[in-house]
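*Asks:* Have a look at this one.
The values are calculated or read from the model by the stated rules, or taken from the named source; none is laboratory data. The structure presented is a predicted model; accordingly, all values stated were derived computationally and were not measured. All Cβ positions, glycine included, derive from the backbone under ideal geometry; neighbour counts span all protein chains shown. In case anyone asks, the SASA skips ligands and DNA or RNA and just uses the protein heavy atoms, side chains included. Shrake-Rupley method; radii C 1.70, N 1.55, O 1.52, S 1.80 Å.
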Protein chains: 2
Amino acid sequence: MLIRPVRPQDWSSIWAILEPTIVAGETYALDADLSEDAARAYWLGADKETFVAEEDASILGTYYLRANQAGGGRHVCNCGYMTSASATGRGIARQMCLHSLDHARKRGYRAMQFNFVVSTNERAVRLWQSLGFDIVGRLPLAFQHPTHGYVDALVMFQSL
Amino acid sequence: MLIRPVRPQDWSSIWAILEPTIVAGETYALDADLSEDAARAYWLGADKETFVAEEDASILGTYYLRANQAGGGRHVCNCGYMTSASATGRGIARQMCLHSLDHARKRGYRAMQFNFVVSTNERAVRLWQSLGFDIVGRLPLAFQHPTHGYVDALVMFQSL
């Protein structure tokens, strides 16, 4: 599997990954009816570096990396990852996260922060912990899950 | 003192409050060289409701309120407050925060979150605690303070 910077022609493959995740509304705090144009502006925004995980010319996952804050907070980065539903369980997110940690160090970031990890997304929480992230904050009932109702969201952090 | 929605003609007074705070770089994670246009787009953005605290036709402070996340996180709001240096110590921030909590309840928000309170801004931390906010997260060394170096930032939260 190759992880490489996004190209404009990758968008339809990326949208095919993002759209079902956004519509499901279980893991990302994004409007379920987010338009394709708005999703593109978000995922490929000028404030971000976006990558794709590719195998045999198929895009299996995508992530972005950006500064989490400006000014005195710009040494901490933030990432978002999405994996194709057809490729879950194959370690794609783990490989993308390892790639992002390496890339963040190369860019000179001193830490990586996830602002809003939905607590019921237990597989993700365990994965991030296994990759060195600590839970540094808990936002009480900050996420309305479509089936579980109001659940906590977690702030996760790793120094680089 | 009257707290009221911002009007377009308030901007020069607001910028006179924001600019020295942004340039000082001690309390907000904003680029110190943020242009006036960018500051205006940020503080008066379409995603925000912005208010001013006015006394005798002078604007002594300003704050914004917005949803902190979209989708399943849109029931939690976020605010930013700035007080004129000439009016510090008079309880302007306290009055603006009380106003914002009341306004947030009217808007149907279920909680208010501050994402990035610089830990060395002790007066603010104490003030928010006195108004019901808890420290629910600590971001290690996430803010580079111009004189104190790398210091923690706090996530503060209050259910409404």
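*Asks:* Using every alpha carbon pair in the range B:1-87, what percent of pairs falls into each 5 Å bin from 0 up to the bin containing the largest distance?
*Replies:* 3, 14, 25, 24, 18, 11, 4, 1, 0
*Asks:* Using just the helices of chain B, give the 222 nm mean residue ellipticity in deg cm²/dmol: DSSP H runs with n ≥ 4 each add -39,500 (n - 2.57), and the total is spread over all residues, rounded to 500. If you can, show how the numbers build up before the last one.
*Replies:* Numbers: 4 runs with 47 residues, N = 160.
Estimated from H runs of four or more residues: -9000 deg cm²/dmol.
*Asks:* Between B:Met1 and the same site in the other copies, what are the distances in nm, shortest first, taking label points 7 Å from Cα along the C-beta direction?
*Replies:* Computed spacing set for this position: 5.4 nm.
*Asks:* Provide the solvent-accessible area of A:Arg107, counting protein heavy atoms only and rolling a 1.4 Å probe, rounded to the nearest 10 Å².
*Replies:* 140
*Asks:* Give the chain B residue with the shortest beta-carbon distance to the rotation axis relating chain B to chain A, plus that distance as a whole number of Å.
*Replies:* Closest to the rotation axis on chain B: B:Gly137, 1.
*Asks:* Distances from B:Ser86 to the same position in the other copies: list them in nm, one decimal, shortest first, using label points 7 Å from Cα along Cα→Cβ.
*Replies:* Label point to label point, same position, other copies: 6.6 nm.
*Asks:* From largest to smallest, what semi-axes in whole angstrom does the protein assembly as shown give when each is the square root of 5 times an eigenvalue of its alpha carbon gyration tensor?
*Replies:* Values: eigenvalues 252, 83, 74 Å².
Three semi-axes, in Å: 36, 20, 19.
*Asks:* Next question, about the same structure. Copy-to-copy spacing for B:Ala57, label 7 Å out on the Cα-to-C-beta vector, in nm, shortest first?
*Replies:* In nanometres, ordered from closest: 7.3.
*Asks:* What Rg and what Dmax come out for chain A when only alpha-carbon atoms are used, in angstroms?
*Replies:* 15.1, 42
*Asks:* Ignoring ligands and nucleic acids, what accessible area does B:Ser13 show with a 1.4 Å probe (Å², nearest 10)?
*Replies:* 50
*Asks:* In Å², what does the accessible area per residue of the range A:18-139 work out to with a 1.4 Å probe?
*Replies:* Ligands and nucleic acids excluded, the result is 45 Å² per residue.
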